[in-house]
Amino acid sequence: MKLENDSEVFSPQFNNIKMKLLPLSCVLHALSIVHAFRYDHLVEHVNSHQDQYVQALREWVSVESDSSDVSKRAELHRMMEMTADKLRAMGGNVTLVDIGEQQLPNGEMLALPKVVTAQFISDPLKTTVCVYGHVDVQPGKLEDGWATEPYNLTEINGNMHGRGTSDNKAPVLAWIHAVEAYQALNIELPVNVKFIIEGMEETGSNGLDAMVVAQRDTFLLDVDYIIISDCGWLSLRPALTYGTRGNCYFSAEIEGAKQDLHSGVYGGTVIEPMTDLIGILDTLISPSGKILIPGIREAVDPLTDEEWKTYQDIEFDMENYKNKLGVTELMYNNKVDLLAHMWRYPTVSIHGIEGAFSAPGTKTVIPAKVAAKFSIRQVPSMDPEVVKKQVTEYLEAAFARRKSPNKLKVTMIIGAKPWLANTQHVLYEAGKKAVKRVFNVEPDMIREGGTIPVARTFQDVTGKAIIMMPIGGFDDGMHSQNEKIS
């Protein structure tokens, strides 16, 4: 499917493949929004190099850069080197920044993947744009329910399936290929372009905050605007993202006997850690979705009339949403309430229990120690340190009421802050113009329910304007089985 090089109207109902090729064109236009440039030549170049772009993505997807699995750390280091090599080959001024080590639960120290920084053009008379992305991925295993090998890019009906395709390897490559297209056609970049590409985003961007602070007066000093494409559209209509929720990720560990016990021999004689754990987890949230921890809901900014109107105008089909998820009922039955609870209200999600028997079979074990993993997606004006205190005190009180002899330990593993941008800023006006030029429709202005920790860090440390320009599709399955990009 070719990009058009004239003024053809692109409606949101057009072929899905075409709609997903267009974001690279939108990137090209965003780089030159205030300059006259040979857009038709750039489009022709993109069309003629699609196979090359897919091959680059294939090579990147083949690297198992899972940042949550320490046994894959060598692959993660290799991924950062590949990223640096690609930018070097384009003539970029590239640095691999050492951000130190992380301490594992057993006390072992492990080197963090270096952060790749790069710069193209350094003209003091030009605006400087910094593009952020990441090349680490969520875990992906065939046995988790994938239809294809997660680390082997596989095309099915115009969709390229593989772990990291949409989140975030293809979007990173789109920006790199945009710069590459200008170079190939000897078209001068209208702005100075910088890249910051990391390898620990999926586990909380370990070490990145400190690096941003350290680089504030050097690499980031002359940056005017920051662009992030680590997000997706909400529907078939293009979108710009202006907010994300934060993430307070917790572990609640309960320890009892010194070793696992046989339920037939010891059942009924000991107070079981699993029973305690399920009991306190049940106090976190009501069946209707109401968070029961005091202080959480009270900290949320009220929904304004302007926000309500914005949500009402967004293109979103609840029936399609339910069908995509394979559910018959949602927590809320109208669009505004549902979108508001996806984006601007906190939620509690329980993710799993370590130490519990989960393999096939009928093992009759009483686990000696179990740990629940759960998270609270936080919003303005919530603070992670306050949430940590609220959750810890609440669970400790709930556990105390059980009068159990077992031991409880609550730990906040991630404390990433939410982010919110000013949609009236000139950067968003430029983004809207780019979308309008390429798609001939106004973008939906949306927020993101997930967390991109570095957005708030960039905002707090540099004071610069940030925009999120999604490249992933609404149905790409980020973090899920069969992740794809069209």
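The values are calculated or read from the model by the stated rules, or taken from the named source; none is laboratory data. All figures in this text were calculated on a predicted structure; none of them were measured in a lab. In this analysis, Cβ positions are derived from the backbone assuming ideal geometry, glycine residues included, and neighbour counts consider all displayed protein chains. Remember, those area values only see protein heavy atoms, side chains included, never the ligands or the DNA or RNA. Shrake-Rupley method; radii C 1.70, N 1.55, O 1.52, S 1.80 Å.
What you get for segment 357-486, charging only the Cβ of Lys and Arg (+1) and of Asp and Glu (-1), is a dipole of about 640 debye around the Cα centre. Determine the relative contact order of the chain: mean sequence separation of Cα pairs under 8 Å and six or more apart, normalised by residue count, in whole percent. Relative contact order here is 25 percent.
For the chain, what does the alpha-carbon gyration tensor say about shape, rounded, prolate or oblate, given a ≥ b ≥ c as the root eigenvalues, a/c under 1.5 as rounded, and a/b over b/c as prolate?
Working: a/c = 1.80, a/b = 1.64, b/c = 1.10.
Taking the square roots of the gyration eigenvalues as a ≥ b ≥ c, the chain is prolate.
Applying the Karplus relation 6.51 cos²θ - 1.76 cosθ + 1.60 with θ = phi - 60° to segment 277-290 yields 3J(HN,Hα) values of 5, 4, x, 6, 5, 5, 8, 6, 8, 7, x, 8, x, 6 Hz, where x marks Gly and Pro.
If you take all other residues with their beta carbon under 15 Å from the beta carbon of A147, and give Lys and Arg +1 and Asp and Glu -1, the sum is -4. What whole-number distance in Å separates the alpha-carbon centres of segment 418-444 and segment 272-315? The two parts, judged by their Cα centres, are 30 Å apart. Each Lys or Arg adds one and each Asp or Glu takes one away; over the other residues whose Cβ falls under 10 Å from the Cβ of L303, this sums to -4. If R0 is 41 Å, the Cβ-Cβ spacing of K322 and K258 corresponds to a FRET efficiency of close to 0.30. Protection proxy ranking for 154-160, 369-375, 102-108, using the average of other Cβ atoms within 10 Å per residue and placing the highest first: 369-375, 154-160, 102-108. Computed with a 1.4 Å probe over protein heavy atoms only, the accessible surface of the chain comes to 45 Å² per residue.
Taking a sphere under 13 Å around the Cβ of K194 and counting the other residues whose Cβ falls inside, with K and R at +1 and D and E at -1, yields a net charge of -1.
In straight-distance terms, cross-link reach from K141 covers every one of the lysines whose alpha-carbon lies under 22 Å from its own, apart from those fewer than eight places away in the same chain; here that gives K72, K169, K324, K373, K484.
Shown for the chain: the carbon plus sulfur share of the solvent-accessible area, taken with all protein chains present and a 1.4 angstrom probe, equals 50%. 3J(HN,Hα) couplings calculated from phi for segment 432-445 with the Karplus curve 6.51 cos²θ - 1.76 cosθ + 1.60 (θ = phi - 60°) are, in sequence order, 4, 5, 5, 4, 4, 5, 7, 9, 6, 9, 6, x, 5, 9 Hz; Gly and Pro show x. For a straight C-alpha distance cut-off of 16 angstrom, the lysines reachable from K369 (same-chain residues fewer than eight places away being disregarded) are K258, K407, K409.
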